[in-house]
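Read through the structure below, which is laid out as structure tokens, and then see the notes.
The values are calculated or read from the model by the stated rules, or taken from the named source; none is laboratory data. Every value quoted in this text rests on a predicted model; they were computed, and no experiment measured them. All Cβ positions, glycine included, derive from the backbone under ideal geometry; neighbour counts span all protein chains shown.
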Amino acid sequence: MTSRVAEALLLQRCVAVAQTGSDALTADEANLFRLAAQLVRTNYPAASAVLAQSEARYTSSHSAVPRPSFAAILATGLVTDLPRLRSMLEQLLSRRGT
């Protein structure tokens with residue numbers, strides 16, 4: 001899987017959760033949702049709240065899972081470019097009226 005395909009899947013999952021309020025399925029997703037919630041909080045507060053709630057539900061039911069800093073999330077390579085992630089996520093949210 002190329003990095004662009006992986007990025008597209010991450011973005012699609014963030015938008016789907018922002019729209020449906022579904023739960024994070026993995027610790028990586030929970031961490032991604034927490035990061036994404038912070039990135040879109042100013043322009044998309046409702047989507048931000050839904051993403052943060054998804055992360056919180058996952059974390060509360062998986063208490064052994066650590067909540068890494070945003071720097072640590074970036075170090076994993078799950079997200080490599082914060083401005084790009086924010087821009088693309090906001091574009092998708094605006095298209096879907098979230």
Pairing a residue in segment 5-20 that is closer than 15 Å to residue 50 by Cβ with any residue that is aromatic (Phe, Trp, Tyr), where Cβ atoms lie under 9 Å and the two sit 6 or more apart in sequence or on different chains, gives 13/33; 14/33; 17/33; 18/33; 18/44
Failed item in (1) under 12 Å from the mean Cα position of the chain (by Cα); (2) more than 16 Å from residue 3 (Cα to Cα); (3) touching a residue at least 60 places away in the same chain (Cβ under 8 Å), with residue 92 passing the rest: (1)
Check on residue 28, outside any helix (DSSP H, G or I), of a type outside the set (A, V, I, L, M) and either at pLDDT below 95 or surrounded by fewer than 14 Cβ atoms within 10 Å (Cβ to Cβ) (or both): no
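Just need a number here: residues in segment 1-18 that are more than 17 Å from residue 80 (Cβ to Cβ) and either loosely packed, with under 15 Cβ neighbours inside 10 Å or of a type in the set (Val, Ile, Thr) (or both).
Residues in segment 1-18 being more than 17 Å from residue 80 (Cβ to Cβ) and either loosely packed, with under 15 Cβ neighbours inside 10 Å or of a type in the set (Val, Ile, Thr) (or both): 4 in total.
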